[in-house]
Amino acid sequence: MASFLDAYTAPKKDIPRRAYLTVSTLVGVMIVVVWCALSYGELVRGDFLPTPGAVVGAAISGAGDGSLQENTLVSVIEIMSGFIIASILSVPLGILMGSFKVVEAAIEPVTNFVRYLPVSALIPLLILWIGIGIEEKITVIFIGTFFQQLILIADVSRGVSKDLLDVSYTLGATRRTVVWRVLIPATMPGVMDTLRITLGWAWTYLVVAELVAANKGLGYFILNSMRGLFTDQIFLGIIVIGLLGLLTDQAFKLLRNRMLPWATAT
Amino acid sequence: MGDGDVMAAPAAALKPAKLRIADVALRFTPRRGAPVTALDRISLDVRDQEFSVIVGPSGCGKTSLLRLVAGLIEPSEGAIWLDDKRVTGPGRDRGMVFQSYTLFPWLTVQQNVEFGLKVAGMPLRQRHDISRRFILQVGLEGFEEHYPRQLSGGMMQRVALARALANDPALLLMDEPFGALDSQTRSLMQELLLDIWQQSSKTVLFITHDIDESILLGDHVYVMTARPGRIKEMVEIDLPRPRHVDMLTSPAFMALKRHIMRSIHEEAVRSFASGEA
C-alpha cells in the first residue's frame with residue numbers, strides 16, 4: 001500500500017493506463033452509487049432528487065412524445081447558428097488583429113469593452129430589439145462567444161513567431177504569400193483550441209438565453225419542469241446538455257487531429 | 001588590416017566583392033529612453049565563395065547586422081550591395097538559417113525544403129528533384145515525410161539548411177544556427193556544413209559567439225566591438241582546408257583562438273562595465 005501511494009502521488013508522474021481507467025471508472029460508479037443510495041434509500045425527498053429510474057423514465061416518455069428531440073434540436077440549431085456565425089467572423093478578424101497593428105488599434109478597444117459586459121445583462125435589451133424568437137438566442141450566443149474568440153484568436157496570431165515570417169521572406173515569399181501560407185496555417189492549432197473552448201461557453205449562454213425567455217429548447221425544458229416540480233425532467237435536461245457538450249468536444253478533438261495531424265501530440 | 005591583407009593575398013584580390021557593406025549604421029529609439037546606436041560605421045566586403053564569420057560579445061548587434069543584409073530591417077545610414085545590386089528588402093538571393101527553429105510545422109521535411117521553390121512557381125517534378133538532392137546532402141533521406149515535431153533539434157537545423165540551399169541563394173546567411181544544439185551535435189553540424197560548403201562553394205556570412213566555431217569554419221573572422229557594434233578587427237584564418245574538428249587542438253588553431261578570445265574579452269568587459277550585458 002505504501003509503495004502504491006508512493007508511486008501514485010508523485011506530481012506530474014505518469015501512471016499505468018489501466019490504473020488511470022480504473023480510477024476514472026471508480027469515481028463514475030461512486031457518483032451513481034451515491035445517487036442511488038440517496039434516492040432509492042429515500043434519504044432525500046423524491047421531488048428534490050429523482051431516482052435514476054425516474055430520469056430514465058422521463059427520457060423514455062420525452063422521447064416517446066417527441067418533446068425531448070424537439071427541444072434538443074431547437075437548442076442545437078440555436079447554438080450551432082450563433083457559434084458558427086461568430087466563428088466565421090472572429091477567426092479572420094482575430095488573426096488580422098493579432099498580426100496587424102492597424103486592425104488591432106481599430107478593434108481591440110471596442111472588443112475589450114464589450115467583452116466585459118455580462119451577456120445576461122444584455123438579454124432584456126435584446127428581447128426589446130429582437131423579440132424572444134430564435135434570433136434572440138442566436139444573438140446572445142453570438143455576443144457571448146464572438147468577442148471572447150476574437151481576443152483569444154488575436155493572442156494566438158500574436159504568438160506566431162516572427163522568425164517564421166522572416167524566414168519565409170528570405171525564401172522569396174511575398175507579404176500575401178506569408179499571410180496565406182505561413183501566418184494562417186501557423187495559427188490553426190490555436191484557432192481550433194479556441195473554438196473548442198468557446199463552444200463549451202456557448203452552451204452556457206444558450207441556457208441563460210432560454211431560461212429568460214423561450215418556449216422551446218433544453219433551457220426552457222428545464223425551467224418548465226421546475227414549475228411542475230418535475231425534478232426527473234430537470235435532471236434529464238441537464239444530462240442531455242452534458243452529453244451534447246461531451247459529444248461536441250470529442251468531435252472537435254477528432255476534427256483537430258484529422259485536420260492538423262502535424263500538431264497532434266504523439 | 002584591410003588593404004594590407006588584400007595586397008598580401010593577390011589570389012583573393014582577383015575576386016571582386018560579392019557582398020559589400022558600406023558605412024552601415026543602425027539606430028533606434030526605444031519607447032522609453034534615449035536613442036540607441038546598435039551598429040556604427042560597419043564596412044566589410046565578402047568575396048565570392050568566401051566563408052566569413054562575425055563574432056562578438058552578446059548584444060553587440062551581430063544579429064542585427066545579419067538581418068540588415070537579409071533585408072529584414074533597414075539601415076539608418078549606409079548601404080548594402082549584393083552583386084552590385086543594392087539591398088532594399090528581403091529576397092530569395094539571400095537564404096537565411098536562424099538560431100531558433102523556423103521550420104513550418106505543418107509541412108513535411110520535403111515540403112519545407114520545397115517551400116521557396118514552390119512560392120517561386122517551380123513545377124512539381126523539378127521541385128522534387130531539387131529537394132531530394134538537398135535532403136540527401138544533409139543526410140535526411142528516409143525522413144522526407146516526417147513533420148518537424150518528429151525531428152531532433154539537429155535534424156531540424158539540417159532541414160532549415162537544406163531549405164535555404166534549395167533556393168540556390170547567392171549568399172547564405174547563418175545566425176548562430178547551431179547555438180541551441182548540444183556540443184556533440186554541434187560538431188557534427190559544423191563538419192556537415194564545411195562539407196556542403198566545400199562542395200557548393202557558396203558565399204557564407206555566419207554569426208556566432210563560439211570562437212572555436214568561428215575559426216573552424218571561417219576564411220575570415222570579424223571581431224565586433226561591444227555596443228555600439230563596430231568591426232574591431234579582421235582575422236585571417238589561414239588554416240588549411242578541408243578542415244576537421246581535430247584541428248581544434250592544433251597549435252595554429254590555439255594561437256588564433258587566443259588572439260580572438262583576448263580581443264572579444266576586452267569587448268565583453270567593456271560592455272559588462274557599461275551595463276549592456
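Laboratory data are not the source of any read-out in this text; all were calculated from the coordinates shown. The structure presented is a predicted model; accordingly, all values stated were derived computationally and were not measured. Positions of Cβ are backbone-derived with ideal geometry, glycine not excepted, and every protein chain shown enters the neighbour counts.
Rounded if a/c is under 1.5, else prolate if a/b is larger than b/c, else oblate: which is the range A:95-172, with a ≥ b ≥ c the root eigenvalues of its Cα gyration tensor? It comes out prolate by the Cα gyration axes. Remark: A:CYS36, B:CYS60 ranked as A:CYS36, B:CYS60, counting other beta-carbon atoms within 10 Å and listing the fewest first. Highest mobility in the GNM of chain A, judged by mean-square fluctuation with C-alpha springs under 10 Å and restricted to A:ILE138, A:ILE153, A:ILE85, is found for A:ILE85.
For chain A, the longest principal axis of the Cα atoms and the long axis of helix A:119-130 meet at an angle of about 90 degrees.
Between the C-alpha center of the range B:106-140 and that of the range B:63-89 there is a gap of 27 Å.
Pick from B:GLY33, B:GLY179, B:GLY95: which residue has the top mean-square fluctuation in a GNM of chain B where Cα pairs under 10 Å get a spring? Top of the fluctuation ranking is B:GLY33. Exposure here means at most 16 other Cβ atoms within 10 Å; with trypsin sites (Lys or Arg not before Pro) in a DSSP loop as sites, the longest stretch of chain A lacking them is A:46-266.
Pairs B:LYS202/B:LYS257; B:LYS18/B:LYS118; B:LYS62/B:LYS257; A:LYS101/A:LYS137; B:LYS18/B:LYS202: which are spaced more than 22 Å apart, C-alpha to C-alpha? Violating the 22 Å Cα-Cα cut-off are B:LYS202/B:LYS257; B:LYS18/B:LYS118; A:LYS101/A:LYS137. According to the square roots a ≥ b ≥ c of the eigenvalues of the Cα gyration tensor, what is the shape class of the range B:123-178, taking rounded for a/c under 1.5, prolate for a/b larger than b/c otherwise, and oblate for the remainder? Note, shape of the range B:123-178 comes out oblate. As an equivalent ellipsoid, the range A:2-86 spans semi-axes of 36, 26, 11 angstrom, where each value is the square root of five times an eigenvalue of the C-alpha gyration tensor, largest first. So who's got an amide H within less than 5 Å of the one on B:LEU172, skipping anything under 5 residues away but keeping other chains? H placed 1.01 Å off N, in plane. For B:LEU172, whose amide H was placed from the backbone, the distant partners under 5 Å are B:THR203, B:VAL204, B:LEU205.
With a cut-off of 12 Å on the backbone N, the residues of the range A:205-233 near the modelled label site 7 Å out from A:ARG45 along Cα-Cβ are A:229. Relative to the dominant Cα principal axis of chain A, helix A:101-115 is inclined by about 20°. Rounded to the nearest 10 degrees, the inclination of helix A:17-40 to the longest alpha-carbon principal axis of chain A is 40 degrees.
Among the chymotrypsin sites (Phe, Trp or Tyr not before Pro) found in the range A:45-126, those both in a DSSP coil and sparsely packed, with 15 or fewer other Cβ atoms within 10 Å of their Cβ, are A:PHE48, A:PHE100, A:TYR116. Please label the shape of chain A as rounded, prolate or oblate, based on the square roots a ≥ b ≥ c of the eigenvalues of the alpha-carbon gyration tensor (a/c under 1.5 means rounded; beyond that, a/b larger than b/c means prolate, else oblate). Verdict is oblate for chain A. By the beta-carbon count within 10 Å of each Cβ, the least crowded to most crowded order of A:LEU128, B:LEU193, B:LEU165, fewest first, is A:LEU128, B:LEU165, B:LEU193.
What the phi angles of the range B:239-250 give under the Karplus curve with 6.51, -1.76 and 1.60, with θ = phi - 60°, is a coupling list of 5, x, 10, x, 8, 9, 4, 4, 5, 3, 10, 6 Hz, glycine and proline written as x. Karplus-based coupling profile of the range B:34-39, in residue order and whole Hz: 7, x, 10, 9, 7, 10, with θ = phi - 60° in 6.51 cos²θ - 1.76 cosθ + 1.60 and x standing for Gly or Pro. Express in whole angstrom the spacing between the alpha-carbon centres of the range B:233-277 and the range A:144-199. Result: 42 Å between the Cα centres.
Could you give the distance between the Cα centres of the range A:226-247 and the range B:144-211, to the whole Å? About 60 Å separates the Cα centre of the range A:226-247 from the one of the range B:144-211.
Whole-Hz Karplus values for the range A:198-203 come out as 6, 5, x, 5, 4, 4 Hz, taken residue by residue from phi with 6.51 cos²θ - 1.76 cosθ + 1.60 and θ = phi - 60°; glycine and proline positions read x.
Per residue, chain A reaches -26500 deg cm²/dmol at 222 nm when only DSSP H runs of four or more residues are counted, each adding -39500 (n - 2.57). Backbone amide hydrogens, once placed in the peptide plane, bring B:LEU39 within less than 5 Å of B:LEU26, B:GLY229, excluding anything fewer than 5 places away on its chain. For the residues B:VAL119, B:VAL55, B:VAL109, a GNM of chain B with alpha-carbon springs under 10 Å puts the largest fluctuation on B:VAL119.
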